[in-house]
Amino acid sequence: MRTNSFEETIALGEKIGTYLRPGMCLLLEGDLASGKTTFTKGIGKALHIHKPISSPTFTILKIYHGDLDLYHIDAYRLEGNDYDLGFDEYMSEGVTVIEWPQYYEDHLPKEYLKISFEYIDDDTREISFSYQGEMYRELYEKVTGESHD
Ligand SMILES: Nc1ncnc2c1ncn2[C@@H]1O[C@H](COP(=O)(O)OP(=O)(O)OP(=O)(O)O)[C@@H](O)[C@H]1O
Ligand SMILES: [Mg+2]
């Protein structure tokens with residue numbers, strides 16, 4: 001699907017955010033400025049997180065408290081390092097959103113919803129979805145309106 005403004009991407013994140021359950025993990029793939037953090041702000045809205053969601057340059061993991069806690073990971077700075085954040089110990093209680101998951105490959109959960117962001121032009125992004133694990137099938141179907149079998 002396409003969004004034609006950053007507000008539409010926030011709205012999409014908010015919609016998906018309302019479907020999230022404890023222990024769920026979203027992987028957000030896409031180049032710099034493709035909209036991953038913008039989307040995460042929408043998740044924050046759905047979870048009633050009042051603190052602004054940002055991505056400070058050197059912070060890998062930020063925890064926000066809301067209806068569910070949000071573990072927001074930006075793995076960009078981990079590129080080339082095998083560093084274990086150990087988040088799997090507590091992620092079952094909240095939802096985990098990981099930007100740049102390819103830089104945290106060895107430690108990703110086996111099951112997730114993956115969302116890929118592609119820059120089309122200044123205001124337009126192509127956003128596509130895939131999933132691993134039965135737990136995510138229903139979420140995928142709600143988000144895309146497609147059924148997969
Ligand atoms: N349709 C759109 N969806 C999302 N962002 C958009 C859109 N149109 C324009 N933008 C702008 O693109 C930028 C996206 O930045 P954002 O921080 O969300 O990217 P990112 O993928 O998290 O980048 P990084 O890899 O650096 O963390 C913002 O400045 C936003 O306003
Ligand atoms: Mg970001």
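The values are calculated or read from the model by the stated rules, or taken from the named source; none is laboratory data. The structure presented is a predicted model; accordingly, all values stated were derived computationally and were not measured. Cβ: placed from backbone, ideal geometry, glycine included. Neighbour counts: every protein chain shown.
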Only one of these is touching a strand residue (DSSP E or B) at 6+ places or on another chain (Cβ under 8 Å) and more than 25 Å from Ser34 (Cα to Cα): Gly66, Gly133, Gly86. Name it. Gly133
I need every pair where a residue in region 24-45 that is β-branched (Val, Ile, Thr) has its Cβ under 6 Å from the Cβ of a residue that is within 8 Å of ligand 2 (Cβ to nearest atom), sequence separation at least 6 or different chains. Thr37/Ser55
Selection status of Ala11, among the hydrophobic types (A, V, I, L, M, F, W, C), over 20 Å from Ser130 (Cα atoms) and within 15 Å of the chain's Cα centre (by Cα): no
Could you check region 52-88 and list, in sequence order, the residues that are under 13 Å from Lys41 (Cα atoms) and among the aromatic types (Phe, Trp, Tyr)? Tyr64, Tyr71
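Within region 46-60, which residues are more than 14 Å from ligand 1 (Cβ to nearest atom) and in contact (Cβ under 8 Å) with a residue 24 or more places away in the chain? Reasoning before the result, please.
Just the residues of region 46-60 that are more than 14 Å from ligand 1 (Cβ to nearest atom), to begin with: 46-51.
Those that are more than 14 Å from ligand 1 (Cβ to nearest atom) and in contact (Cβ under 8 Å) with a residue 24 or more places away in the chain: Ala46, Leu47.
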Could you tell me which residue of region 112-137 is farthest from Leu27 (Cα to Cα), considering only residues that are away from ligand 1 (no atom under 16 Å from the Cβ) and modelled with pLDDT of 95 or more? Arg137
Give me a count of the residues in region 1-39 that are in contact with a Leu (Cβ under 7 Å, 6 or more places away or on another chain), assigned to a helix (DSSP H, G or I) and more than 16 Å from ligand 2 (Cβ to nearest atom). 1
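Go through region 27-55 and count every residue that is of a type outside the set (Ser, Thr, Tyr) and within 17 Å of His65 (Cα to Cα).
13
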For region 2-33, which positions are within 15 Å of ligand 1 (Cβ to nearest atom) and on the phi > 0 side of the Ramachandran plot? Gly30, Ala33
Could you please give the count of residues in region 45-85 that are surrounded by 13 or more Cβ atoms within 10 Å (Cβ to Cβ) and closer than 18 Å to Glu105 by Cα? 12
